[in-house]
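Visitor: Sharing a structure here in structure tokens format.
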Amino acid sequence: MPKSINVDPGRTRLPDHLELPDIPVHRYDTPFAEELESHGRRSLVELLRHMMILRSFESGLAALKSTGKFGHLEYIYKGPAHLSIGQEAAAVGAALALTPNDHIFGSHRSHGEFLAKGLRAIAVMDEADLTAIMEEHDDGKLRDAVTARLDCRGVRDKAERFLLLGFLAEIFMRSNGFNGGMGGSMHAFFLPFGAYPNNAIVGASAGIATGAALQMKVERRKTIAVAMLGDGATGCGPVWEAMNFAAMAQFDQLWDEKGGLPVLFFFTNNFYAMGGQTSGETMAWDRLSQIGAGLRRDACHAETVDGTNPLAVADAVARKRSLLMAQRGPALLDVECYRYSGHSTTDVNAYRTKEEIALWRLVDPIQQMQARLTRAGVLSTEQATEMQAGIEKLMHGVFHAAADPDVCPRVDPASIGQKMFSDLKSPYTGTLPRPLREPESVPRLRQTAKKTRRGRTASGEPLSPMRAMTLRDGLFESVLHHVLNDRRVILYGEECREWGGAFGVYRGLSDLLPHDRLFNAPISEAAIVATAVGAAIEGGRPIIELMYADFIGRAGDEIFNQLAKWQAMSNGHLSLPVVLRTSVGSKYGAQHSQDWTGLAMHIPGLKVIYPATPYDAKGLLSAAIACDDPVLVFESQRLYDKTELFADSVPEGDYQLPIGVPDIKRAGEDVTVLTIGPSLYPALDAAETLSQQGISIEIIDARSLVPFAYDSVLESVAKTGRFLVVTEACERGSAAMTLTSNVAHLAFTQLKSPPRLLGSPNWIVPGADMEEAYFPQAADIVRMVSEMMANAGGHRRDSERLRLARCGL
Amino acid sequence: MARVAVKIPDLGNEVTEAQIDSWLKSPGDMISQGEEIVAITTPKVTVELEAPASGRIVDILVEPDEIVAVGTILAIIET
């Protein structure tokens, strides 16, 4: 919505027609002699050798998986094996055209891509760097295992064995696997070789690679990110969101540093999405490359290339890489190839004929490449056979070593809990970013400066949000401090720039920050979150906004499977300092008013806060931004204008409050009332009413939900003997349920009456006029507290609650 | 000739006050209906109010930075 772009009906309504660019299909025709000349004989023999290694590795895994044997090794491997036998040229060809500093993000079927990227990096990196990498990784434990069990002739030889053993140990989920056994077959990665996380969720790497490219662009690195996707991923909405995000017009039109994101969407098109046939059955395209034309006038430079020939693939990737370096990204490649192996080892090829598989074996990438080299007199058949035999021997050694628990120890499951959060902070040490103008000259800041930092008048009356610091101002000041003092922090989401976010938290920041630090994202919640994951993996610290918490559903995989899991799945090699801010609405009915803290709390790996006062909002958000773990920040729309009613004032400077520590907002003796988010305020009103009846409640504001220190709550319950949680979420499966259950468990002997929960009914949230009947009000709290007080001696059976449960309500 | 008041409009049911950011016009200026005349801020947004009628601004009644209630007359336009 920048006013600089004028939508002129005089122009938009002119008769016209669209011409789409030429999309080349199988146009590679470089003579092999020329390739030999440009790459060198040795490099092309290496290309063949790398393909042989990929196939040998996966054939070993296939044998283990299907028969429990590989050579003399007997081993039951229980995990997944999504093999890419037949697709080696796509992986090895792409790797040939990439540098170690280019990052690939793969799929569930990425053994080959991972190995190809690693082998290529080993071939081109300095030996001293390779030695240092092996030394530094996991304190040299993996290197020591390699040295102990495998013959190595030189540093590169050792590095290749390090790659194979680290990867297979990871697939077997052993503690010295590349990701400490936390990732496995579908999630393995090794950053020093530019092999970034593979992903078990189809298409998920599209958004993550796009975010990586965003960070590369922001840092002006001369590298690219590659999303390694399958043809089936073109059916996934988040992939389209990512491709659009990468190709957004604003990069060319509004950003200082022009050009779309340096990301290559590399579709390894094997014609099948598990058992569904993409071209001809489940997708609308007949050639995958045509989808580029749906994204941008330049069709994202899309091409279909021969994925059975690594040189055709390398040629295309090199050309796309040049375009990305010339700031003409993103790019898209449709790399046609074929997997002979089933989707997984349970696949019996119900969806394709033997004849079809036989036809593709005639264009086998390894045999073709070997034939080219033999014809050109570069490699004799005997030499090729000898090379293959050497690889087979090596692979048996690697498999024996990986299966041996003395070489590759099993993971102690008790250690997994320690990997969920790092609880670290990584202060910024670079040069301070320069704002576009002096912050003091920005109207929003001048207005805030005039507000009082207290929330009440001298006589105790709450001040108006125009005159006193509000919760919105607290959030703003925290964000402002961090964007001005940490170049790694970037902000985006829907209408975040000129509008300042739908609820005005960022209002005024567009005066200070260029587009590469604050921009409007498309209505693509999946891409917003996925790109933040990618940017964080690459060293950024994105603060993203989802307009309504209800839209979490639109980013379900990205929040629950990506943001929440990568720190643990990486064994701590990745940190995800992402802050996801989202508002909890009201008045707009069932799809715009839900408190979904329960969902966020349920998924391990996310810190969750829900501040309810300006002081808490500022201090907790600052802690969230400073911390290296992903944090979901819930903000109630009803509280944005709340002034500070508890702390003396909201400090002007930056400060952090500990995440996970509830706060006593009002002391009392008879009942402990723990509130989540906005429920604090009806509880305060209830406290007034109850005090007139001689009942004193102690109000504790949860402030955070994950982590959560029960100490102050238990101390309070020890005093009161009665416990009530109040939440605006519907009760079933809510965060409040977890709190209630834990308090019942931890304070059972101290409770004089059953712990109670007051939440919203298990209905849809009704319209604005009916909300008072839905969200717990002060009168409801008064009623429940009175019941608890009257019910001190025992407990009656709650037949209404039983009836509701029977009805699913 | 008529006198038309420029007021703080109703900006939604939760907004009761707004702050004057800056005057974009001065007393004596001729303006056309729809021209932006004053920038105001609520807790959530900054908006430019448009002249409700064409004419000459004869009076400006509220200074920048003042906080006033919804409905307050900010200026008078003589048509």
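Visitor: What does the accessible area of A:Trp596 come to, in Å² to the nearest 10, when a probe of 1.4 Å is used?
Guide: 60 Å²
Visitor: Follow-up question, since we're still on this one. Enumerate the lysines that B:Lys25 could reach by cross-link, defined here as Cα to Cα under 25 Å, with residues fewer than 8 away along the same chain left out.
Guide: Partners found: A:Lys3, A:Lys450, B:Lys7, B:Lys44.
Visitor: Determine, from the Cβ-Cβ distance of A:Ile357 and A:Ala63 and an R0 of 25 Å, the FRET efficiency 1/(1 + (r/R0)^6), rounded to the nearest 0.05.
Guide: My answer for the efficiency is 0.85.
Visitor: Moving on. Round to a whole angstrom and tell me the spacing of the C-alpha centers of region A:228-283 and region A:601-650.
Guide: Computed from Cα coordinates, the inter-centre distance equals 35 Å.
Visitor: Check which residues have an amide H placed less than 5 Å from A:Lys642's amide H, if you skip close sequence neighbours.
Guide: Amide H to amide H, under 5 Å and 5 or more residues apart or across chains, A:Lys642 pairs with A:Leu471, A:Arg472.
Visitor: Mind running the shape call on region A:663-726? Use the C-alpha gyration tensor, a ≥ b ≥ c as the square roots of the eigenvalues: rounded below 1.5 for a/c, prolate if a/b tops b/c, oblate otherwise.
Guide: oblate
Visitor: In the protein assembly as shown, how does Rg compare with the Kirkwood Rh, expressed as the Rg/Rh ratio over alpha carbon atoms?
Guide: 1.03
Visitor: Let me ask another. With θ set to phi - 60° and the Karplus curve 6.51 cos²θ - 1.76 cosθ + 1.60, what are the ³J(HN,Hα) couplings of region A:714-723 in order, to the nearest whole Hz, using x for Gly and Pro?
Guide: 5, 4, 5, 5, 4, 7, 8, x, 9, 9
Visitor: Just the number, please: percent antiparallel of the DSSP beta bridges in chain A, rounded to the nearest 5.
Guide: 20 percent
Visitor: Quantify how strongly other chains surround peptide A:286-292 by giving the mean number of their Cβ atoms within 10 Å of each of its Cβ atoms.
Guide: That works out to 0 on average.
Visitor: Output the relative contact order of region B:3-78, whole-number percent, from Cα pairs under 8 angstrom with separation of 6+ residues.
Guide: 43 percent
Visitor: Looking at region A:49-409, send over the antiparallel percent of its DSSP beta bridges, to the nearest 5.
Guide: The answer is about 20 percent antiparallel.
Visitor: Please list, ordered by chain and number, the residues whose modelled amide H lies under 5 Å from the amide H of A:Lys665; skip anything fewer than 5 residues away on the same chain.
Guide: A:Ile699, A:Ile700, A:Asp701
Visitor: Tell me, what HN-Hα J-couplings in whole Hz come from the Karplus equation 6.51 cos²θ - 1.76 cosθ + 1.60 at θ = phi - 60° for each residue of region A:58-69, using x for Gly and Pro?
Guide: Per residue, the Karplus-derived 3J(HN,Hα) values read 6, 5, x, 5, 4, 5, 4, 5, 8, 10, x, 9 Hz.
Visitor: Given R₀ = 51 Å, FRET efficiency for B:Leu24-A:Asn762 by Cβ-Cβ distance, to 0.05?
Guide: After rounding to 0.05, the efficiency reads 0.45.
Visitor: Hey, another quick one. Within 10 Å of each candidate Cβ there may be at most 16 other Cβ atoms; applying that plus a DSSP loop requirement, which trypsin sites (Lys or Arg not before Pro) in region A:85-153 survive?
Guide: Here the trypsin sites (Lys or Arg not before Pro) that fit, given the DSSP loop and packing criteria, are A:Arg153.
Visitor: When you look at the Cβ of every residue in A:439-447, what mean number of other chain Cβ atoms sits within 10 Å?
Guide: Partner Cβ neighbours, averaged per residue: 2.
Visitor: I've got another one for you. Could you tell me which of rounded, prolate or oblate describes region A:463-613, using a ≥ b ≥ c as the square roots of the eigenvalues of the alpha-carbon gyration tensor, with rounded for a/c under 1.5 and, failing that, prolate when a/b is larger than b/c and oblate otherwise?
Guide: It comes out oblate by the Cα gyration axes.
Visitor: Same structure again: Using modelled backbone amide H atoms (1.01 Å from N, in-plane), which distant-in-sequence or interchain residues come within less than 5 Å of B:Ser22's amide H?
Guide: B:Ala39
Visitor: What does the structure give for B:42-51 when I average, per residue, the other chain Cβ atoms found within 10 Å of the residue Cβ?
Guide: Taking all residues of B:42-51 together, the mean is 4.
Visitor: Multiply the residue separation of A:Tyr28 and A:Ala128 by 0.36 nm, subtract the distance between their alpha-carbon atoms, and state the gained length in nm to one decimal.
Guide: That pair, A:Tyr28 and A:Ala128, stretches by 32.3 nm at full extension.
Visitor: Here's another thing I want to ask about it. From the backbone phi of region A:280-288, what are the Karplus-calculated ³J(HN,Hα) couplings (6.51 cos²θ - 1.76 cosθ + 1.60, θ = phi - 60°) in whole Hz, Gly and Pro given as x?
Guide: Values per residue, Gly and Pro as x: x, 10, 9, 10, 7, 6, 9, 10, 4 Hz.
Visitor: For A:Lys752, go through the aspartates and glutamates and keep the ones whose alpha-carbon is under 20 Å away, minus same-chain ones fewer than eight residues off.
Guide: A:Glu669, A:Asp670, A:Glu698, A:Asp711, A:Glu715, A:Glu787, A:Asp798
Visitor: If we sort A:510-520, A:470-480 on the protection proxy, mean other Cβ atoms within 10 Å, highest first, what's the order?
Guide: A:470-480, A:510-520
Visitor: Gap in Å between the Cα centre of region A:327-382 and the Cα centre of region A:44-82?
Guide: Value for the Cα centre distance between the two parts: 17 Å.
Visitor: Rounded, prolate or oblate for region A:421-477? Axes are the square roots of the Cα gyration tensor eigenvalues, ordered a ≥ b ≥ c, and the cut-off for rounded is a/c under 1.5.
Guide: Because a/c hits 1.5 or more and a/b fails to exceed b/c, region A:421-477 counts as oblate.
Visitor: OK, next. Where does the Debye-calculated log10 I(q)/I(0) of region A:664-806 sit at q = 0.15 Å⁻¹, using only Cα point scatterers of equal weight, no solvent?
Guide: Once normalised to I(0) and log-transformed, intensities are -0.71.
Visitor: Ok, one more. In deg cm²/dmol, rounded to 500, what helix-only [θ] at 222 nm does chain A give when every DSSP H run of at least 4 residues adds -39500 (n - 2.57) and the total is split over its residues?
Guide: Result for chain A: -11500 deg cm²/dmol, rounded to the nearest 500.
The values are calculated or read from the model by the stated rules, or taken from the named source; none is laboratory data. Since we're looking at a predicted model, the values are computed, not measured. For neighbour counting, all protein chains shown are included, and Cβ atoms are generated from backbone atoms with ideal geometry for every residue, glycine included. Remember, those area values only see protein heavy atoms, side chains included, never the ligands or the DNA or RNA. Shrake-Rupley method; radii C 1.70, N 1.55, O 1.52, S 1.80 Å.
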